[in-house]
Amino acid sequence: MSHLPAGVMREALIDTTAITENVRHLRRLTDSDVIAVVKADGYGHGAVRSAVAALAGGASRLGVADVAEAIALRRAGIDAPILAWLHAPGASFAEAAVFGIELGISSFDQLVAAAAAATADRAVAVHLKVETGLGRNGIAPADAPVVFAEAARLERIGKLRVVGIFSHLSNTSPADDRAALDRFTEALALASSLGLTPPLRHLAASHAAIDLPEARFGCVRLGIAMYGLSPFADRTSADLGLRPAMSLRAAVAAVRRVPAGQGVSYGYTHRTEGETTLALVPLGYADGVPRAASGGGAVRIGGETFPVAGRIAMDQFVVDVGDHPVAVGDEAMLFGDPTLGAPAVEEWADSAGTINYEIVTRIGPRVARREVTR
Ligand SMILES: *Cc1c(COP(=O)(O)O)cnc(C)c1O
């Protein structure tokens, strides 16, 4: 029987060796440079440790959404190139420039703001993001001639360094992704005709990096797959040669023997069928265990797997373990590496009607992350 360290009620174990090995594996598989995506606190795994682990596995650059996330990595001592691609309206890029953050540019206004942050001895590095069908940000095809021409001019006068051109796919279907890939190729040709031939071109995130070799362009942005999770509904981590880096577990906080007919948790949506044992797990929706998974999910206790009984509350939920011997302090494992016996995070995602990305990313701040290596 596994136990948590004394005094620890709940924790997420982060296997940084798994992140390193996943990046190494994907780099080999895709034969591409890797931009390791560590936005949203490294999908809940911890941005700094995830960045360090990914760089150790051969990633050459990092990607985040916000400039603030990028600066936090710099302040933590990370000196690899970092790209940030989502900006507040009217943002000044002065601080980003001081920290040497590369900026994803989705509009003419952002291009001008980036150039304004340049100093006499320092150009600002940018990656031009083009819209290829996702319908989010990115330079619209109609605006591309003007934005590219201005980017080329600003590069010539030493204000900007255009390091990359990129876009993002919808993963709707192979045909939709191929259509977006064609639009991307057209944008690259236009850029080239206007004098822009940046060293990096990147389109593929995890899904296309693995499944659509034509989308690799020698550089891929990897998020979910480097954390060891599958971007595909029909393929597991193990199918892809990946190892999930996060495990979530808690120490059983109370055990109670109850008769038949006992209601469990708010609304009594579960009533015991016969005499049974109820185990209390101190993790709730405040910790990112989705309330929508009430009555579902999967909890491994003492070598057996049980669903949640009744509703998940803010801080806790109950498992009906029948006559299985369970004691206070026993480990309740919610998810981890299935090849080591833990439930898959996808069991929680399926129960909650969401995806593995959302489950790991929303694990809350009350859950201590503890780094483990193998
Ligand atoms: C989040 C994000 C990624 C990473 O996507 P995964 O599916 O997790 O690999 C890559 N590129 C952009 C622009 C993103 O926003």
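The values are calculated or read from the model by the stated rules, or taken from the named source; none is laboratory data. Because the structure is predicted, anything quoted here is derived from the model rather than measured. Backbone-built Cβ (ideal geometry, glycine too); neighbour counts: all protein chains shown. For the accessible areas, the whole protein counts, side chains as well, though only heavy atoms, and no ligand, DNA or RNA atoms are used. Shrake-Rupley method; radii C 1.70, N 1.55, O 1.52, S 1.80 Å.
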- Message: I'd like to know if segment 103-117 contains one or more residues that are assigned to a loop (DSSP other than H, G, I, E, B) and under 20 Å from the mean Cα position of the chain (by Cα).
- Response: no
- Boolean, Ala70 is more than 16 Å from the ligand (Cβ to nearest atom) and over 30 Å from Val326 (Cα atoms): no
- Item | Residue in segment 167-178 that is farther than 14 Å from Ala205 by Cβ, in the same structural domain as Glu95 (by TED's automatic domain parsing), open to solvent by less than 10 Å² (accessible area, probe 1.4 Å) and touching a residue at least 12 places away in the same chain (Cβ under 8 Å) present | no
- Query: Only one of (1) in contact (Cβ under 8 Å) with a residue 40 or more places away in the chain; (2) open to solvent by less than 40 Å² (accessible area, probe 1.4 Å) fails for Phe108. Which number is that?
  - Reply: (2)
- Message: Quick test of your reading of the structure: Leu160 fulfils all but one of (1) within 16 Å of the ligand (Cβ to nearest atom); (2) surrounded by 19 or more Cβ atoms within 10 Å (Cβ to Cβ). Name the failing condition by number.
- Response: (1)
- Sole exception among (1) of a type in the set (A, V, I, L, M); (2) within 16 Å of the ligand (Cβ to nearest atom); (3) open to solvent by less than 40 Å² (accessible area, probe 1.4 Å) for Leu13, by number: (2)
